[in-house]
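The values are calculated or read from the model by the stated rules, or taken from the named source; none is laboratory data. Just so we're clear, the structure is a prediction, and the values are computed from it rather than from any experiment. Cβ placement follows ideal geometry from the backbone for every residue including glycine, while neighbour counts extend to all protein chains displayed. Just the protein is used for accessible areas: all its heavy atoms, side chains included, with ligands, DNA and RNA removed. Shrake-Rupley method; radii C 1.70, N 1.55, O 1.52, S 1.80 Å.
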Amino acid sequence: MMRAAIFTIDSGIYKAKAESAAASALKRMLEQVGFEVKAASVLPQEREVVATVLRQLSDSGAVDLILTTGAVGYQDGDCAPEALSDAAEMLIPGIPEALRAYNLRYTKASMMDRMMAGIRKKTLLMNLPESAKTAKEDMEYILMETVQVVENLSL
């Protein structure tokens, strides 16, 4: 069984100890295609904290896929792309390029998204937008390719 973790990166939600609508939507979707979601929680917008979590989960082999939502813009505290880059051993620029192109159909503002994707050990890491609707639509768009990468990494 494929295993995943989902982290929303948002200091406000983290401090409020609230749940993330995006993480909930992604969790349901992943479970429908056979993933066991080991974690779905919120992290503060702190680059080193996020990078450390990504490294530790990847290195432990506990999950095959880690999705982050939020903190992919250009505002202060938006650190998800940098944290993923710090943790990844190899970047996969085609994933975020495809998602930005897909999202441009709806809004030109998506050109400002700084999402990244990469691999550490045998774990696929991906940033998604914070909006539950956009994160869900983006994941639907690349879901079969994501499953294929995760399966290939586990060989």
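Could you run through region 89-118 and say how many residues are open to solvent by 20 Å² or more (accessible area, probe 1.4 Å), among the aliphatic types (A, V, I, L, M) and either closer than 15 Å to Glu145 by Cβ or touching a strand residue (DSSP E or B) at 6+ places or on another chain (Cβ under 8 Å) (or both)? Before the answer, list the steps.
Initially, region 89-118 is screened for residues open to solvent by 20 Å² or more (accessible area, probe 1.4 Å), giving 89-95, 97-98, 100-102, 104-109, 111-114, 116.
Still in the list and also among the aliphatic types (A, V, I, L, M): 90-92, 95, 98, 101, 104, 109, 111-112, 116.
Subsequent filtering for residues that are either closer than 15 Å to Glu145 by Cβ or touching a strand residue (DSSP E or B) at 6+ places or on another chain (Cβ under 8 Å) (or both) retains 90-92, 95, 98, 101, 116.
Qualifying residue count, region 89-118: 7.
Give the residue, chosen from Leu155, Leu84, Leu99, Leu91, that is modelled with pLDDT under 95 and farther than 17 Å from Lys27 by Cα.
Numbers: Leu84 fails: modelled with pLDDT under 95; Leu99 fails: modelled with pLDDT under 95; Leu91 fails: modelled with pLDDT under 95.
Result: Leu155 is the single residue among Leu155, Leu84, Leu99, Leu91 that is modelled with pLDDT under 95 and farther than 17 Å from Lys27 by Cα.
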Selection within region 1-25 - within 14 Å of the chain's Cα centre (by Cα), assigned to a helix (DSSP H, G or I), crowded, with 17+ Cβ neighbours inside 10 Å and among the hydroxyl-bearing types (Ser, Thr, Tyr):
none
Qualifying residue in region 130-151 (condition: open to solvent by 80 Å² or more (accessible area, probe 1.4 Å), touching a Ser or Thr at 6+ places or on another chain (Cβ under 6 Å) and modelled with pLDDT of 95 or more):
no
Selection from region 26-62 of residues that are hydroxyl-bearing (Ser, Thr, Tyr) and open to solvent by 20 Å² or more (accessible area, probe 1.4 Å):
Ser41, Thr52, Ser60
